[in-house]
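Undergrad: One structure coming up, written as structure tokens, with questions to follow.
The values are calculated or read from the model by the stated rules, or taken from the named source; none is laboratory data. Computed from a predicted model, the values in this text were never measured in an experiment. Every residue, glycine as well, gets a Cβ built from its backbone with ideal geometry; the counts of neighbours run over all protein chains shown.
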Amino acid sequence: MKTTTRLKSVITEHSTLFILITPLIIIALVTDLLDDTLTERIVITMFINLILVLGLQLFMGNGGILNFAHIGFMGIGAYASVIFSMTPQAKSIGLPDLYPILNPIQIPFLTALLLGGLIAAFCAAIISFPLMRLSDAAAVITSFALLVIIHVVLVHWDNITAGPQTLFGVDRYTDLWMSVIWGIGFIILAYWFKESSLGLKLRASRDDRYAAATIGVNMVIIRWIAFTLSAFMAGIAGGLWAHFITSFSPKAFYLTETFVILAMLVVGGPGSVSGAVVGTLIVSIVREGLRTIESAINIGQLLSSTLIGFAEVFLSIALIVILIFRPGGIMGGREIRWPKKNPLSKKNEDSASTTIS
Amino acid sequence: MFSIDFLINALSLGSLYALIALGLVIVYGILKLVNFAYGELIMVGGYALFMLANLPALPWLVMALIAVTIAMLTSYLTERVAFRPVREKSLTAMLITSFAVSTLLQNAALLIVSSRSRAVQFPAIFSGSVRLGNVDIANRNILVIVTSSLLLFALTLLLKRTILGIALRAAADKFQMTRMLGVPANLIISVAFVISGLLAGVVSLFWIGRVGSVTPTIGLSPLLIAFVATVIGGMNSLEGAVVGGYLYGILFSIISLILPQNLLDYREAFMFSIVILILLFKPEGLIRGTYSGERVG
């Protein structure tokens, strides 16, 4: 009896997690049952994007600093994991200029994926430590500069990447449930981080960095931990994506992808994990819908020229409209919660929220 | 090594970069907004030139003026439609808006024109050269230097001698105080965007004159140049942007001359590493404005 009440209280306390995860599992189950290649492709991409958005939310939502470099770490994770998962034969064709030491190394996919994430996190940890004391415009320009630097290095370091060319010959390991499990795992991680004392401190420093510093929050260290963790998530997403799409070039990890991920987070609301999930779902659905319209018009040759960029135009207008009318995103920084039944606890929550605001 | 030819080249690159940087900083100074859509204004100018060339023959100078005007108008419209409503919200909201405007303009160009590059015709005077002593100097380079000097001179006059200019500088310094003294905020910000558009339009003439064609993504490199130049020079002063622009142009020419080819590929990465280092250790840049950005450490 006692354990069930305890379980009940845990579930009501963290109802957000269950409410967020259940529809995702339903989507995955339906996709699995449908067994349609195109749907599966869309859903896997959505889950990988979800990991990216959650990673961005972890640093940007809790820390309040715009981070453009996120997709750069996705690129690092993608290339790093691919180097360790490809067979030596495939590497000598796909990556002809690879350092000879790296050529014979081949490890199982999951370890390669983890290693890719860790390498991305490691790069982030080294590069970002001195940058974490910057705020506002300086922080934005440095993160943008970081994205450009990572891109330039990926394009030109052909001992590691295939240079600007497309890298072929990656084995496909990422399937539907692989992406679903990682996606759900990272929802739990992002939620845990936000509710943990680390997340609380980071959010405090976002709301008022001086007040937070006065009560002993070491903002630089906490931002650094969040940034590294967020880069790890981006790295894992990169590894999953690389082993799903199987051929890619550094161009994939640049401004276009950055915009999509940023749009997902901003539409949903960067302030909460629910916002990240809701934003990813909505933008993915809208984007696929627009793409279907776009390709229908192109196939039917309704216009004299082929239609490209339609989805992006719509998405950027939607983003501006959201920022004008609902700058906190759809969720407005709140988590989805199961309404509490106990009148006493509701009353407490109400009074708590009024005192805070 | 440093021949007259090289010096003129470096100076013309520097002048162009100075204009690019100034266009970004004039908005940043007032709104503290790093306008990611700035590069797209240059693209808009380029496409305007391309489209005007298809119309019945207009003198090139008239076409150039119309192109610059269209860039100014676009800049004003982005301010009016997108930036003004989010201005009061948060810096991050404004930055994301500018990123969205940038994507919007880029993809609108994709949608309306094409992703393929479009050749833009320039009059013969651009491609010719004059002989000075024993070196040939491209007319284009001289044109850039002369135009940017004139433009900078005119802008200095505007900023130092007119009421509008004084209000602009005051707003860049202490915006709230300026408003309290009765200067209309909307007007000042609009003017800043219009000047930014003017500079972008003029830059587009010379930038596309160098490249010879226009693509939807042409705005990215000038934007990156503006970032580097303004950070070197100092983000909080207009003089800093000009100095940073010239310095970056000259530095870039020297680096291109002395770096070996395999390192030259990483040139952009080097420049951006310098940017990060400057922001870390000397965030006010070479020329310190009156207000330096907030920084915690």
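Undergrad: I'd like the full set of residues that are more than 7 Å from chain B (Cβ to nearest Cβ) and out of contact with any Lys or Arg (no Cβ under 8 Å at 6 or more places or on another chain), limited to region A:132-141.
TA: Listed by number, the list holds a single entry, A:Ala139.
Undergrad: Pick from region B:217-268 the residues that are closer than 27 Å to B:Asp173 by Cβ and of a type in the set (Ser, Thr, Tyr): which of them is nearest to the chain's Cα centre (by Cα)?
TA: Filtering region B:217-268 for residues that are closer than 27 Å to B:Asp173 by Cβ and of a type in the set (Ser, Thr, Tyr), the one nearest to the chain's Cα centre (by Cα) comes out as B:Thr230.
Undergrad: Here's a follow-up. What do you reckon, is B:Ala82 without any contact (Cβ under 8 Å) to a residue 24 or more places away in the chain and either closer than 30 Å to A:Gly61 by Cα or assigned to a helix (DSSP H, G or I) (or both)?
TA: Yes: the conditions hold for B:Ala82.
Undergrad: Shifting gears a bit: Just one of the numbered conditions (1) more than 7 Å from chain A (Cβ to nearest Cβ); (2) surrounded by 13 or more Cβ atoms within 10 Å (Cβ to Cβ); (3) small (Gly, Ala, Ser); (4) in contact (Cβ under 8 Å) with a residue 40 or more places away in the chain is not true of B:Ala119; which one?
TA: Only one criterion in (1) more than 7 Å from chain A (Cβ to nearest Cβ); (2) surrounded by 13 or more Cβ atoms within 10 Å (Cβ to Cβ); (3) small (Gly, Ala, Ser); (4) in contact (Cβ under 8 Å) with a residue 40 or more places away in the chain is unmet by B:Ala119, namely (2).
Undergrad: Yes or no: region B:252-268 includes at least one residue that is more than 14 Å from chain A (Cβ to nearest Cβ) and small (Gly, Ala, Ser).
TA: yes
Undergrad: Within the set of pairs 6+ apart or on separate chains, which have a first residue in region B:207-226 that is within 14 Å of chain A (Cβ to nearest Cβ), a second that is of a type in the set (S, T, N, Q), and C-beta atoms under 8 Å apart?
TA: Here the result reads B:Thr215/B:Ser115; B:Thr215/B:Ser117; B:Pro216/B:Gln106; B:Pro216/B:Asn107; B:Pro216/B:Ser115; B:Thr217/B:Gln106; B:Gly219/B:Ser102; B:Gly219/B:Gln106, each pair linking region B:207-226 to a residue that is of a type in the set (S, T, N, Q).
Undergrad: Hey, does region A:255-262 have a residue that's closer than 22 Å to B:Thr78 by Cβ, acidic (Asp, Glu) and within 13 Å of chain B (Cβ to nearest Cβ)?
TA: Within region A:255-262 (the criterion being closer than 22 Å to B:Thr78 by Cβ, acidic (Asp, Glu) and within 13 Å of chain B (Cβ to nearest Cβ)), the answer is no, since none of the residues qualifies.
Undergrad: Shifting gears a bit: So, of the residues in region A:18-53 that are in contact with a Ser or Thr (Cβ under 8 Å, 6 or more places away or on another chain) and of a type outside the set (Val, Ile, Thr), which turns out to be farthest from A:Ala237 (Cα to Cα)?
TA: Filtering region A:18-53 for residues that are in contact with a Ser or Thr (Cβ under 8 Å, 6 or more places away or on another chain) and of a type outside the set (Val, Ile, Thr), the one farthest from A:Ala237 (Cα to Cα) comes out as A:Leu20.
Residue by residue, here is whether (1) touching a Ser or Thr at 6+ places or on another chain (Cβ under 8 Å); (2) surrounded by 24 or more Cβ atoms within 10 Å (Cβ to Cβ) holds:
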position: B:Met180; (1), (2): no, no
position: B:Val183; (1), (2): no, no
position: B:Gly197; (1), (2): yes, yes
position: B:Ala200; (1), (2): yes, yes
position: B:Ser204; (1), (2): no, yes
position: B:Thr217; (1), (2): no, no
position: B:Ile225; (1), (2): no, yes
position: B:Gly240; (1), (2): yes, yes
position: B:Tyr248; (1), (2): no, yes
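Undergrad: Inside region B:89-103, can you point out the residues that are facing chain A (nearest Cβ under 7 Å), closer than 15 Å to A:Phe314 by Cα and polar (S, T, N, Q)?
TA: Once the filter is applied, which keeps residues that are facing chain A (nearest Cβ under 7 Å), closer than 15 Å to A:Phe314 by Cα and polar (S, T, N, Q), region B:89-103 yields B:Thr97, B:Thr103.
Undergrad: Further question: What number of residues in region A:251-271 are in contact with a helix residue (DSSP H, G or I) (Cβ under 7 Å, 6 or more places away or on another chain) and among the hydroxyl-bearing types (Ser, Thr, Tyr)?
TA: Qualifying residue count for the region: 2.
Undergrad: So, B:Gly39, is that one more than 14 Å from chain A (Cβ to nearest Cβ) and either assigned to a helix (DSSP H, G or I) or within 17 Å of B:Ala192 (Cβ to Cβ) (or both) or not?
TA: In short, no.
Undergrad: Hey, any hits in region A:31-38 for a residue that's closer than 12 Å to A:Leu281 by Cα, more than 14 Å from chain B (Cβ to nearest Cβ) and of a type outside the set (Phe, Trp, Tyr)?
TA: Looking for residues that are closer than 12 Å to A:Leu281 by Cα, more than 14 Å from chain B (Cβ to nearest Cβ) and of a type outside the set (Phe, Trp, Tyr), one finds none in region A:31-38, hence no.
Undergrad: Name the residue, out of B:Val34, B:Val68, B:Val44, B:Val25, that is outside any helix (DSSP H, G or I), β-branched (Val, Ile, Thr) and either out of contact with any strand residue (DSSP E or B) (no Cβ under 6 Å at 6 or more places or on another chain) or under 22 Å from A:Ala139 (Cα atoms) (or both).
TA: Step by step, each of B:Val34, B:Val68, B:Val44, B:Val25 is checked, and only B:Val34 is outside any helix (DSSP H, G or I), β-branched (Val, Ile, Thr) and either out of contact with any strand residue (DSSP E or B) (no Cβ under 6 Å at 6 or more places or on another chain) or under 22 Å from A:Ala139 (Cα atoms) (or both).
Undergrad: Looking only at region B:66-88, filter to residues that are surrounded by fewer than 20 Cβ atoms within 10 Å (Cβ to Cβ) and closer than 13 Å to A:Val321 by Cα; which one of those is nearest to the other protein chains (Cβ to nearest Cβ)?
TA: So, considering only residues that are surrounded by fewer than 20 Cβ atoms within 10 Å (Cβ to Cβ) and closer than 13 Å to A:Val321 by Cα, the one nearest to the other protein chains (Cβ to nearest Cβ) is B:Pro85.
Undergrad: Then there is this: Within the group B:Ala124, B:Ala154, B:Ala108, which residue is more than 30 Å from B:Glu239 (Cα to Cα), within 23 Å of the chain's Cα centre (by Cα) and without any contact (Cβ under 8 Å) to a residue 12 or more places away in the chain?
TA: B:Ala108
Undergrad: Among the residues of region A:125-135 satisfying the criterion of being assigned to a helix (DSSP H, G or I) and without any contact (Cβ under 8 Å) to a residue 24 or more places away in the chain, which is surrounded by the most Cβ atoms within 10 Å (Cβ to Cβ)?
TA: Filtering first and then ranking leaves A:Leu131.
Undergrad: Only one of these is more than 17 Å from the chain's Cα centre (by Cα) and in a helix (DSSP H, G or I): A:Val152, A:Val217, A:Val180, A:Val170. Name it.
TA: A:Val152
Undergrad: Moving on to the next point. Answer with yes or no whether A:Ile236 is in contact (Cβ under 8 Å) with a residue 40 or more places away in the chain and aliphatic (A, V, I, L, M).
TA: yes
Undergrad: Checking A:Ala237 against (1) on the phi > 0 side of the Ramachandran plot; (2) at pLDDT 95 or above, only one condition comes out false. Which one?
TA: Single failed check for A:Ala237: (1).
Undergrad: Any idea which of (1) surrounded by fewer than 23 Cβ atoms within 10 Å (Cβ to Cβ); (2) within 14 Å of another protein chain (Cβ to nearest Cβ); (3) among the aromatic types (Phe, Trp, Tyr) is the one A:Phe144 doesn't satisfy?
TA: Unmet for A:Phe144, out of (1) surrounded by fewer than 23 Cβ atoms within 10 Å (Cβ to Cβ); (2) within 14 Å of another protein chain (Cβ to nearest Cβ); (3) among the aromatic types (Phe, Trp, Tyr): (1).
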